[in-house]
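Data block below; observations after.
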Amino acid sequence: MRNKEAFIKDFEAVAKEEIVKEVDPVEDAAHTMHHTGTTIFQLLGIFTKSEKPVNFKFEIKQREKTDNPTEKIDDFFYIGMEE
């Protein structure tokens, strides 16, 4: 995942304290989006401070592999929260 610092900051701003302490948002978001085939990760209302669901938008872009810059792989790039 790219731009993960911004994603973590946004996630921690809306998630309940106990969720922030218990989960790895980057791992959870990437795992969920890989399995659902979507580019939106939704944090359900029961896990947010506002009690309303929050959507985080991503794009899939190609980037160079870390261990072999001559090859490219698809990766999630965080765009921001949906309004």
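Every read-out reported here was derived from the displayed coordinates using simple, explicitly stated rules and does not represent laboratory data. Because the structure is predicted, anything quoted here is derived from the model rather than measured. Please note: Cβ atoms are built from the backbone with ideal geometry, for glycine as well, and neighbour counts cover all protein chains shown.
Is there a residue being more than 14 Å from PHE77 (Cα to Cα), loosely packed, with under 12 Cβ neighbours inside 10 Å and among the charged types (D, E, K, R) anywhere in the stretch 31-51? For the stretch 31-51, residues more than 14 Å from PHE77 (Cα to Cα), loosely packed, with under 12 Cβ neighbours inside 10 Å and among the charged types (D, E, K, R): present. Here the condition is being assigned to a helix (DSSP H, G or I) and either on the phi < 0 side of the Ramachandran plot or surrounded by 12 or more Cβ atoms within 10 Å (Cβ to Cβ) (or both); of ILE73, ILE60, ILE19, ILE79, it holds for ILE19 alone.
Across the stretch 42-83, the qualifying residues are those that are of a type in the set (Gly, Ala, Ser) and within 17 Å of the chain's Cα centre (by Cα), and the one among them that is nearest to ALA15 (Cα to Cα) is GLY45.
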